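One structure is given below, encoded as structure tokens.
Computed from the coordinates by the stated procedures, all read-outs in this text should not be read as laboratory data. The structure displayed is predicted, hence computed values, not measured ones. Glycine gets a Cβ as well: all are built from the backbone with ideal geometry, and neighbour counts include every protein chain shown.
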Number of protein chains: 2
Amino acid sequence: MSRKITETTPKQDGFRMPGEFETHKGCWMVWPERTDNWRLGGKPAQQAFVAVAEAIANFEELTMCVSQRQFQAAREELSDRIRVVEMSNDDSWMRDVGPTFVVNDEGEVRGIDWRFNAWGGLVDGLYFPWDKDDLVAKKVCEIEGKDYYSLEEFILEGGSIHSDGDGTAIVTEACLLHESRNPQLDKAGIENTLKEYLGVEKVLWLPHGIYLDETNEHVDNIVHYCAPGVLVLGWTDDESDPQYPYSKAAFDYLSTETDAKGRKLEIHKIHIPNEVLITKEESEGVDSVDGTLPREEGDRQAASYANFYIANDAVILPLFDDEEYDNKAIETLEKVFPDREIVGIYAREIILGGGNIHCITQQQPLGK
Amino acid sequence: MSRKITETTPKQDGFRMPGEFETHKGCWMVWPERTDNWRLGGKPAQQAFVAVAEAIANFEELTMCVSQRQFQAAREELSDRIRVVEMSNDDSWMRDVGPTFVVNDEGEVRGIDWRFNAWGGLVDGLYFPWDKDDLVAKKVCEIEGKDYYSLEEFILEGGSIHSDGDGTAIVTEACLLHESRNPQLDKAGIENTLKEYLGVEKVLWLPHGIYLDETNEHVDNIVHYCAPGVLVLGWTDDESDPQYPYSKAAFDYLSTETDAKGRKLEIHKIHIPNEVLITKEESEGVDSVDGTLPREEGDRQAASYANFYIANDAVILPLFDDEEYDNKAIETLEKVFPDREIVGIYAREIILGGGNIHCITQQQPLGK
């Protein structure tokens, strides 16, 4: 019931990627288990994923994809209202391995199955191999009976794009122009592919994302579209922090740019938390495996409040037990999203694995 | 979205197992791949399964469950209209490992997750282990978002029962009373469990099924309910065939019994095909593995035309390239099912693995 589409693009067929703030049918996640990324056999991360899943399930349907090995364990940990389906995987970043969904004016929903190479393939990928991850988007579309666009060559992760659903996408040069993604294309070629597949007319290019972000600085860790024309931006006031020039450049760029509809952009700064450093105990809980990015004591994690998930009627926000900045993030989002409940989840165990709540979720728009 | 029900039974909740001839939402199958049961790496069997799946997909939705290892291969072999989902398995007998679906008067559909022990567990099971198979029913219900009844202790395979949807079930003593299934229960206890879970008032007990049937003589290989009060019966006229006393006893029993509604039973004999014996070449294509039933040259397979699948508006019938009996089976079913198309599929490669079209399919009723 799922047709693989290779001859046309979403734009040609009248499809666009909706904003995350548009109504969802539900959300998809993958259960974390690889012991060379998640400490203590993945158990603490699993509990954090459960907290995120249950928070989202208060607002929309949630499907958790789980390997055969962990199927029964995950089923027991999650409430009945969460659907659990078997899916092999190499890790648990549904934003990046899942389909990007697009819709048309009749409300038909289709998927996009980008190629995935573990954030850099043999150049600077984070683990090897990644063949199971690369099948996840297709499998999600099969379960849902959705047709999907298949790109044979174009590497992209869902976390490296945001769409306002109204003609504009935003990305980072650091990621999309990195030699490990699509070196066969120049910037114009990449932009053209984004326009064709996301159904947008304009692409905004931030130079950088969050400092030390191992995804080559995904856009979803530094900014988030909250409505057409409205963005939050990961920020720091500390001019000595290596993050400062990244955030400053993004702010300056966005302050002067307009979107596809000619709007000036409303930018809400959200200060990043104080440094999140891996402890000795945390590092020692992770298996060392050749070819997988190690988790060393003292490593600074790319923690950012911009990495939240917009659910129907809610925002699921990562918190870091940070007395200085957690509450400020909540307050900012309460202003930006007056009609949504802001649900904070303590997310240290997720950022220890290299991402956060937006990275581990993927929305499926409602369509009709 | 799938609730596990352990406190009540389908009968208590007003549910019943519909007849296979009632309207389906669709059908489920599992892709064959184990090389110690299917010759030549499973390739000939896979082609036969494809033929069955495509035949069914002409009449109703078909979902093929496939292991990660074979996912892409199966996806390529099957047409787009067939849904392919990942599911780990120990073999490919969806009738026996899938959920038995029940419905209530409001059209709600629920599953039953029987325990599965590979047709006999450590007593006379056909392979070891069977843990993946035992999770299939639950996984199907999860994908569909159906609540399911879970039996902690009761062993049953879907092929060992038929329901007329109108108060009567039919089984064989050879299978259901076998020491390898539920020795903790006597016949009355087993019958009571069937009544509670299938929502029936009467159970008909045939003594035997088909000679040498390795499932301990499943009922679905010797009879098939075609409508309330109407059955086909696997038969032989050859009184020297060990099958003769089995079929004769079934005929005599059914000729004198009435069903739950007091109906006399209309019995249509279908002669079994001439002996199907495993050839040397066929035997040599199967891997020898300790603990798996071997496939030896000269072994007689339990071939029977009663092992068909009733789809919406069609009957999918196994054929054996048997000049004497294939056409007679078709003619009989054309009389019994005047409003359905009879679709014959050459099924030698399926019976070589120990079952046939009914064994590899499981219907999901439409409900409302």
Original post:
GluC sites (Glu not before Pro), restricted to the stretch B:74-132: which are DSSP loop and have at most 16 other Cβ atoms within 10 Å?
Top reply: B:Glu106, B:Glu108
Subject >> Residue-wise HN-Hα coupling along the stretch B:202-217, computed from phi with Karplus coefficients 6.51, -1.76, 1.60 (Hz; x: Gly, Pro) >> reply: 9, 10, 8, 10, 6, x, 9, x, 9, 3, 6, 5, 6, 7, 6, 6
Subject >> Residue order, fewest to most surrounding Cβ atoms within 10 angstrom, among B:Ser88, A:Ser180 >> reply: A:Ser180, B:Ser88
Subject >> Helix-only CD estimate at 222 nm, as mean residue ellipticity for the protein assembly as shown, using -39500 (n - 2.57) per DSSP H run (n ≥ 4) >> reply: -6500 deg cm²/dmol
Subject >> Within-15-Å neighbourhood charge of A:Gln184 [Cβ basis; K, R +1; D, E -1] >> reply: -2
Subject >> GluC sites (Glu not before Pro) lying in DSSP loop within the stretch A:266-368, provided at most 15 other Cβ fall within 10 Å >> reply: A:Glu275, A:Glu296, A:Glu297, A:Glu323, A:Glu324
Original post:
From the backbone phi of the stretch B:119-132, what are the Karplus-calculated ³J(HN,Hα) couplings (6.51 cos²θ - 1.76 cosθ + 1.60, θ = phi - 60°) in whole Hz, Gly and Pro given as x?
Top reply: 6, x, x, 7, 7, 8, x, 8, 7, 9, x, 9, 5, 5
Original post:
Normalised by the number of residues in the stretch B:1-101, what is the relative contact order in percent for Cα pairs under 8 Å and 6+ residues apart?
Top reply: 29
**OP:** Quick one: compute the contact order of chain A, relative version, from alpha carbon pairs under 8 angstrom and 6+ residues apart, as a percent.
**Re:** 23
Subject >> Under-5 Å amide H pairs with A:Ile360, H placed in peptide plane, nonlocal only >> reply: A:Arg95
Original post:
Which value, in debye to the nearest 20, describes the size of the charge dipole of the stretch A:4-365 about its Cα centre when Lys and Arg Cβ atoms bear +1, Asp and Glu Cβ atoms bear -1, and nothing else is charged?
Top reply: 700
Subject >> Karplus 3J(HN,Hα) series, Hz, for the stretch A:78-93 with 6.51 cos²θ - 1.76 cosθ + 1.60 (x for Gly, Pro) >> reply: 9, 6, 4, 6, 8, 7, 10, 10, 6, 7, 5, 7, 9, 7, 10, 10
**OP:** Rounding to the nearest 20 debye, state how big the charge dipole of the protein assembly as shown is about its Cα centre with +1 on each Lys and Arg Cβ and -1 on each Asp and Glu Cβ.
**Re:** 1340
Subject >> Beta bridge orientation in chain A: antiparallel %, DSSP, nearest 5 >> reply: 40
**OP:** Please go through the stretch A:161-234 and write out the GluC sites (Glu not before Pro) that DSSP classes as loop and that have at most 15 other C-beta atoms within 10 Å.
**Re:** A:Glu179, A:Glu201
Original post:
Lys/Arg Cβ at +1, Asp/Glu Cβ at -1, dipole of chain A taken about the Cα centre: which of A:Val140, A:His268, A:Gly355 is farthest positive-ward?
Top reply: A:Val140
Original post:
In what sequence do A:Ser67, B:Ser283, A:Ser288, A:Ser304 fall when counting other Cβ within 10 Å, fewest first?
Top reply: A:Ser288, B:Ser283, A:Ser67, A:Ser304
Original post:
A:Gly19: net charge of surrounding residues, Cβ under 11 Å, Lys/Arg +1, Asp/Glu -1, itself excluded?
Top reply: -3
Subject >> Label 7 Å beyond Cα on the Cβ vector: A:Gln47 copy-to-copy distances, nm >> reply: 5.5
Subject >> Among beta bridges that DSSP assigns inside the protein assembly as shown, antiparallel share in %, nearest 5 >> reply: 40
Original post:
Once amide H atoms are built 1.01 Å from N in the peptide plane, which residues 5 or more positions from B:Arg3, or in another chain, come under 5 Å H to H?
Top reply: B:Asp147, B:Tyr148
Subject >> Leading residue at positive end of dipole, the protein assembly as shown (Cβ point charges), from B:Pro183, B:Val97, A:Ser283 >> reply: B:Val97
Subject >> Estimated distance in nm for a label pair at A:Glu275 and A:Asp241, the labels positioned 7 Å out from Cα along Cα-to-Cβ >> reply: 1.2
Original post:
Any idea what the dipole of the stretch A:36-84 comes to, in debye rounded to 20, about its Cα centre with Lys/Arg Cβ at +1 and Asp/Glu Cβ at -1?
Top reply: 180
**OP:** Using the structure shown, select from A:Lys11/A:Lys261; A:Lys138/A:Lys248; A:Lys132/A:Lys261 the pairs with a Cα to Cα distance greater than 28 angstrom.
**Re:** A:Lys138/A:Lys248; A:Lys132/A:Lys261
Original post:
Using Cα pairs under 8 angstrom and six or more residues apart, how large is the relative contact order of the stretch B:263-305, in percent?
Top reply: 52
Original post:
Between copies, how close do the B:Arg3 label points come, placed 7 Å along Cα→Cβ, listed in nm from shortest?
Top reply: 3.9
Original post:
For the modelled label position 7 Å from the Cα of B:Ile267 along Cα-to-Cβ, which residues of the stretch B:167-197 have backbone nitrogen atoms closer than 15 Å?
Top reply: B:170-173
Original post:
Going toward the positive end of the dipole of the protein assembly as shown, with +1 on Lys and Arg Cβ and -1 on Asp and Glu Cβ, which of A:Ser67, A:Pro318, B:Phe21 do you reach last?
Top reply: B:Phe21
Original post:
Residues with amide H under 5 Å of A:Val230's amide H, sequence separation 5 or more or different chain, H placed in the peptide plane at 1.01 Å from N; which?
Top reply: A:Glu266
**OP:** Determine the percent antiparallel among the DSSP beta bridges restricted to the stretch B:57-147, to the nearest 5.
**Re:** 50
Original post:
Label-to-label distances across copies for A:Phe128, with labels 7 Å out along Cα→Cβ, in nm, shortest first?
Top reply: 4.0
Original post:
To the nearest Å, what is the center-to-center distance of the stretch B:288-326 and the stretch A:124-155, using C-alpha atoms only?
Top reply: 37
